[in-house]
Amino acid sequence: METHTGHTGHHGHGGGGWRGAAQATLHCLTGCAIGEVLGMVIGTAAGLHNGATVALSIVLAFAFGYALTMRGVRRGGLPVAQALKVALAADTVSIAVMELIDNTVVVGIPGAMDAGLADALFWGALVASLALAFLVTTPVNHWLIARGRGHAVIHA
């Protein structure tokens with residue numbers, strides 16, 4: 001696995017390949033999942049309209065996704081502005097695809113958006129949506145990394 005200062009080999013995708021794409025996707029999924037789940041929980045608990053809940057989830061998914069990447073590259077010594085540029089370049093397409101897939105799935109599962117926090121349908125829909133987002137986004141990241149884009153910019 002590739003390692004660079006302060007941003008250790010949990011990515012391992014500097015050279016591309018399917019394993020690297022899966023690891024890049026898993027990294028993005030971590031931030032997305034934190035934001036997505038938090039947004040859905042807050043929106044549901046607060047009784048927000050479904051559209052507001054989805055919007056909150058998307059905003060938080062991007063925020064947490066970028067924050068996790070910035071944390072790693074900041075440890076490598078990059079200043080905040082440069083770290084933000086790297087995070088935007090590395091994660092924007094990946095997070096956008098994940099959010100499109102996972103929110104489409106959650107909204108498309110009958111009753112999922114109206115289920116309560118104690119309802120298995122709520123949590124099952126979230127887990128299924130994130131799993132499908134991972135499966136769809138991995139080939140996207142493979143394509144990006146093979147072209148020196150997406151998570152490949154972290155290693156540049």
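If packing is taken as the mean number of other Cβ atoms within 10 Å per residue, what is the order of 65-76, 92-103, 47-58, highest first?
Listed from highest to lowest mean packing, they are 92-103, 65-76, 47-58.
Let me spell out the model: positive unit charges on the Cβ of Lys and Arg, negative unit charges on the Cβ of Asp and Glu, origin at the Cα centre of the chain. What dipole size does that give, in debye rounded to 20?
640
Quote to one decimal, in nm, the extra length available between residue 100 and residue 136 on full extension: 0.36 nm per residue of separation minus the C-alpha distance between them.
11.9 nm
Using 0.36 nm times the number of residues separating residue 92 and residue 143, minus their current alpha carbon distance, what extension gain do you get?
Once the chain is fully extended between residue 92 and residue 143, it gains 16.9 nm.
Relative contact order of the range 17-155: what whole-number percent is it, with Cα pairs under 8 angstrom and at least 6 residues apart?
32
Name the residue, out of 118, 24, 128, whose mean-square fluctuation peaks in a Gaussian network model built on the chain with Cα pairs under 10 Å.
In the Gaussian network model the winner is 118.
Can you give the extra length, in nm with one decimal, that the chain gains between residue 52 and residue 128 once fully stretched, where that is 0.36 nm per residue apart less the Cα-Cα distance?
Length difference between fully extended and current span is 25.3 nm.
For the chain, how big is Rg over Rh, using alpha carbon atoms and the Kirkwood form of Rh?
Ratio of gyration radius to Kirkwood radius: 1.01.
Values quoted throughout were computed directly from the atomic coordinates according to the rules given, and no laboratory measurement underlies them. Here the structure is a predicted model, which is why all the values come from computation and not from measurement. Cβ sites come from the backbone with ideal geometry, for glycine too, and all protein chains shown count toward neighbours.
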